[in-house]
Amino acid sequence: MKGSIAKRLGVMFALAVVLITSISAVTLRCSLKRTLVGQMHNELVLRHSVLDPVLSKYDSPEFWSVLLQKLDGLTPSDERVRYWIVVDNPAYSYGGPMPDGRDWSERSDGFDNIKIQGRDRPMVVLLKIIPALGSRPELRFIVGLDSTPFTEILDNFTETLILISAVGMVLVALLGYWIARFGLGPVRRLSRQANSLPPGDSKQRLDTGELPSELQELAVSFNGALARQEAAWCQLEGFNANVAHELRTPLTNLIGQTQVALAHERDTGELQDLLQSNLEELERMGAIVNDMLFLAGAERGQRATELSDVSLYEEALKTVEYLEPSLIGKHLSVSIKGDMRVRIDRRLFHRSLANLLQNAVRYASPASTITVSLVDAGLQAVVSVSNAGEPIDSEHLQHLFERFYRADEARARSDAHHGLGLSIVRAVASMHGGEVFAKSEDGVNTFGFSLTSEAARRAIDPPEPTRAFAQVTH
Ligand SMILES: Nc1ncnc2c1ncn2[C@@H]1O[C@H](COP(=O)(O)OP(=O)(O)OP(=O)(O)O)[C@@H](O)[C@H]1O
Ligand SMILES: [Mg+2]
C-alpha cells in the first residue's frame, strides 16, 4: 500500500470521529425527542386536569356560554394552545370544525397530531371524553399544543451536533496527521541514519539505543543483514586472497624454472624435463581452477542431476579399491559397514568419498583400520569415514569444511594440498540436499556427509546380513 502513513492515520482518525459522533448524536437526539414529547404530553394532561372537572360539573346552556368565554380567554393570541369541544349540539361545541378535516365525533381518549394550515409543525392534541350530564350530551374535549417550540429545540440541537461533528472531524484529522508525523519522527531519523552509512565501511551499524521498541526489531534485523553482508564480503575477500595465494606458488615455480632454463643453452633432454615439470605445475593449477568452478556451481544452488539407483556399499567398495595402493605404505585396512540403495550422482559420490578416504589415509595412525559407515537415517543416507589419529582441536574442527582451510598449515602446504577436499565434500552433500559433519572423539576422527534422494531412496529390504560388514585388508 503506497501513500503517507501520517495522512492515512489522519483520515482513519477522522472516520473514527465521524462514526463515534454519529452514533452519539443519533442516541442523544432520540433521547431529547422523547423528553420533549413527554413534556408536551405533560402540559396537555395538566390543562385537561384543570378544565375537565369544570366541564364535567356543568350542564346548563347559560352557564356553558360563560365557560366557553373562559376558554377564549385561555387561548393565547398566537394560538400556541387551542381548545375544541366536539359535539352534535352547536350550543355546547367550541373551536369550530377540527382543522385536519377528519371526523372526531367518534374518537376515543388519546393523543394525536394534527396538521394546521399555515403552520410548519403539527399540533399535538389530547382528547378526553366528558360524559353526558343532565340536558348536556357527551362531549369530546380536545386540547392542542403547537409543537413548533419543541421541534425548534430539537432542530437546534441537531444542527449543533452536526457542526460539532464536522469541526471535530476536521480537527481530529489535522491533529491525527500531526501526531502521526510527530510519532513517525524516529522512522525518519532511522532512514536518515541508514542513508548516511558510508559505502566503503562494512563495519558500520545502525544505532539502536535511542529507538522506540517498535523500531528496535527492524533496526536489529537491518543490522543483522549488514552483518551477513559483511561476512559474505569478508569471505569473498578471503577467498580472492586464497585463490591468488594458491596460484602464486605454481606460477612462481613455472616462471623461475623457465627463466633458469632460458639462461643457458639446453639440450633436448633437459628441455623435455622442464616441460614435464611445467606440465605438472599447470595440471595442479588446472585442478585448482576446476575445483573452484565446481564449488562455485554448488554455491549457486546447482543440484546433482545425473542420478542413478545404486547400492552405496558397492560404490564405496569401488572407491576403496581405487585407493588401495595408497593404503599399503602405512599398512592400513578399510572396513565398510552397512548398505542401502539410493538415487544419487555416482561420480560425485566417488569424488567426495575419495576425498574423505584420502584424508583418512593421510592422517590415520599406521597399521590402523579406516571405517566407512553407511547408515540409513530415515530420509537420509549418512556416509562417514573414521580413522584413528591425532585428536583435532574443536577450534579447527568447525572450519575444516571451509575452502583452503588447513589445520596443519605448514605440513599441508609442503604436501601441496590445497585445502579444497572437504569443501568439495560439502558441495556434493548440498547438491544432494544433505549436510556435512566432523567429530574427534576418543582418538577417532570422523568426517562424513548425508545424502537425500527423497522418494527414490530406500533401504535394502530385508537388509542383507552378509553385506553388513565387509573388509578390504592389505
Ligand atoms: N581424517 C583427518 N584427520 C585429521 N585431520 C583431517 C582429516 N581430514 C581432514 N583433516 C584436516 O582438514 C584439513 C582440510 O582437509 P581438506 O581435505 O579440505 O584439505 P587437504 O586435504 O589439506 O587438501 P586437499 O584435500 O585439497 O588435497 C586438512 O588440511 C587437515 O588439517
Ligand atoms: Mg583432502
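The values are calculated or read from the model by the stated rules, or taken from the named source; none is laboratory data. Just so it is clear, the model here is predicted, and its values are computed rather than measured. Every residue, glycine as well, gets a Cβ built from its backbone with ideal geometry; the counts of neighbours run over all protein chains shown.
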Restricting attention to the stretch 79-126, the residues that are touching a residue at least 60 places away in the same chain (Cβ under 8 Å), among the hydrophobic types (A, V, I, L, M, F, W, C) and in contact with a Gly (Cβ under 9 Å, 6 or more places away or on another chain) number exactly 5
Residues of the stretch 365-386 being in contact with a strand residue (DSSP E or B) (Cβ under 6 Å, 6 or more places away or on another chain), part of a strand (DSSP E or B) and of a type outside the set (A, V, I, L, M), in sequence order, are 369, 371, 373, 380, 384, 386
Exactly one of 71, 44 is hydrophobic (A, V, I, L, M, F, W, C) and either without any contact (Cβ under 8 Å) to a residue 24 or more places away in the chain or under 20 Å from residue 138 (Cβ atoms) (or both), and that one is 71
Exactly one of 271, 171, 175 is assigned to a helix (DSSP H, G or I), in contact (Cβ under 8 Å) with a residue 60 or more places away in the chain and farther than 29 Å from residue 401 by Cα, and that residue is 175
Subset of the stretch 378-396, residues free of Cβ contacts under 8 Å to residues at least 12 places away in the same chain, farther than 19 Å from residue 429 by Cβ and more than 16 Å from ligand 2 (Cβ to nearest atom), comes to 395
When (1) in the same structural domain as residue 234 (by TED's automatic domain parsing); (2) modelled with pLDDT under 85 are applied to residue 220, the one that fails is (2)
From the option list 426, 362, single residue qualifying as in the same structural domain as residue 447 (by TED's automatic domain parsing), part of a helix (DSSP H, G or I), within 13 Å of ligand 1 (Cβ to nearest atom) and surrounded by fewer than 18 Cβ atoms within 10 Å (Cβ to Cβ) is 362
Over the stretch 397-430, the set of residues hydroxyl-bearing (Ser, Thr, Tyr) and either modelled with pLDDT under 90 or within 14 Å of ligand 2 (Cβ to nearest atom) (or both) is 405, 414, 423
Given (1) surrounded by 12 or more Cβ atoms within 10 Å (Cβ to Cβ); (2) under 45 Å from the mean Cα position of the chain (by Cα), residue 43 misses just (2)
Restricted to the stretch 328-354 and to residues being under 19 Å from residue 388 (Cβ atoms) and surrounded by fewer than 20 Cβ atoms within 10 Å (Cβ to Cβ), the residue nearest to ligand 1 (Cβ to nearest atom) is 330
Open item on the list: within 16 Å of ligand 2 (Cβ to nearest atom) and within 18 Å of residue 389 (Cβ to Cβ): is that true of residue 360 in this structure?
Closed with: yes
In the set 182, 157, 239, the lone residue that is under 30 Å from residue 121 (Cβ atoms) and of a type in the set (Phe, Trp, Tyr) is 157
